[in-house]
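All remarks here apply to the structure that follows.
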Amino acid sequence: MVESNDDAAEIRDELPSELNAAGYVGPYRFPDNSRRRIPGIIYLLIAAGCLLLWATHRDGVLVNNGFVLAAVLLIVAGTISITSGWRMTIDEKDALVLATRTVGFPVGHASAQLAWRGLRSRPTWRILCYSAEEPPRRRGFVLIDAIDGTVVSHFAEDNPEDWAPTLA
């Protein structure tokens with residue numbers, strides 16, 4: 001069966017409005033990592049429901065030991081989700097300021113990316129920055145903890161990239 005153009009136009013995969021930066025006017029605020037706690041609580045509530053059903057109706061046809069297995073898996077997922085729901089106190093602007101102080105040179109172009117590290121997914125800003133000269137002579141990479149602002153790791157070096165062909 002061949003789909004018409006009208007049917008194909010109706011099927012859309014789009015970002016939630018709070019994550020879609022297109023057309024946004026004003027300072028962009030990165031969503032807080034603590035939102036992970038909401039699904040964690042939902043998982044734990046469903047796990048409690050599975051255990052309650054198993055405890056009260058396990059002699060029935062529809063409720064079996066699979067409810068216990070599902071509850072255990074949901075408890076594990078819920079616990080991980082809740083314990084990895086860190087509240088971020090350092091935003092990308094604060095991280096860029098800390099990175100500028102850390103690399104030891106005036107920063108021109110820079111970019112910030114949020115990543116997660118460790119078993120409990122601790123949010124960490126990855127900052128790539130170039131010196132303010134044109135073309136930049138130095139570059140640096142800084143990892144900053146998004147919870148307490150500590151510099152996890154940093155690296156600065158002379159810029160090995162050859163910018164001459166692009167400037168001509």
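The values are calculated or read from the model by the stated rules, or taken from the named source; none is laboratory data. Predicted, not measured: the structure shown is a model, and the values here were computed from it. Glycine also receives a Cβ, built like all others from the backbone with ideal geometry; neighbour counts cover every protein chain displayed.
In the range 28-67, the residue that is modelled with the lowest pLDDT out of those that are of a type in the set (K, R) and exposed (fewer than 15 other Cβ atoms within 10 Å of the Cβ) is R29. Scanning the range 151-160 for residues that are loosely packed, with under 11 Cβ neighbours inside 10 Å and assigned to a loop (DSSP other than H, G, I, E, B) turns up just one, P160. Scanning the range 78-115 for residues being under 11 Å from D145 (Cβ atoms), in contact (Cβ under 8 Å) with a residue 60 or more places away in the chain and touching a Pro at 6+ places or on another chain (Cβ under 7 Å) gives a total of 1. Taking the range 118-141, which residues are outside any loop (DSSP other than H, G, I, E, B) and either touching a helix residue (DSSP H, G or I) at 6+ places or on another chain (Cβ under 6 Å) or not assigned by TED's automatic domain parsing to the domain that holds P106 (or both)? Across the range 118-141, the qualifying residues are P123, W125, I127, C129, G140. Among the residues making up the range 36-72, those that are among the small types (G, A, S) and farther than 24 Å from S84 by Cα are A55, G60, G66.
Comparison of T102, T124 shows that the only residue that is at pLDDT 90 or above, β-branched (V, I, T) and within 30 Å of I41 (Cα to Cα) is T124. Pairing residues of the range 46-67 that are free of Cβ contacts under 8 Å to residues at least 40 places away in the same chain and within 17 Å of G78 (Cβ to Cβ) with residues that are surrounded by fewer than 14 Cβ atoms within 10 Å (Cβ to Cβ) and among the charged types (D, E, K, R), at Cβ distances under 9 Å and at least 6 apart in sequence or on separate chains, gives F67/R58.
Rundown of residues vs (1) hydrophobic (A, V, I, L, M, F, W, C); (2) surrounded by 19 or more Cβ atoms within 10 Å (Cβ to Cβ), yes/no style:
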site: G85; (1), (2): no, yes
site: I90; (1), (2): yes, yes
site: K93; (1), (2): no, no
site: P106; (1), (2): no, no
site: S111; (1), (2): no, no
site: L119; (1), (2): yes, no
site: R126; (1), (2): no, no
site: Y130; (1), (2): no, yes
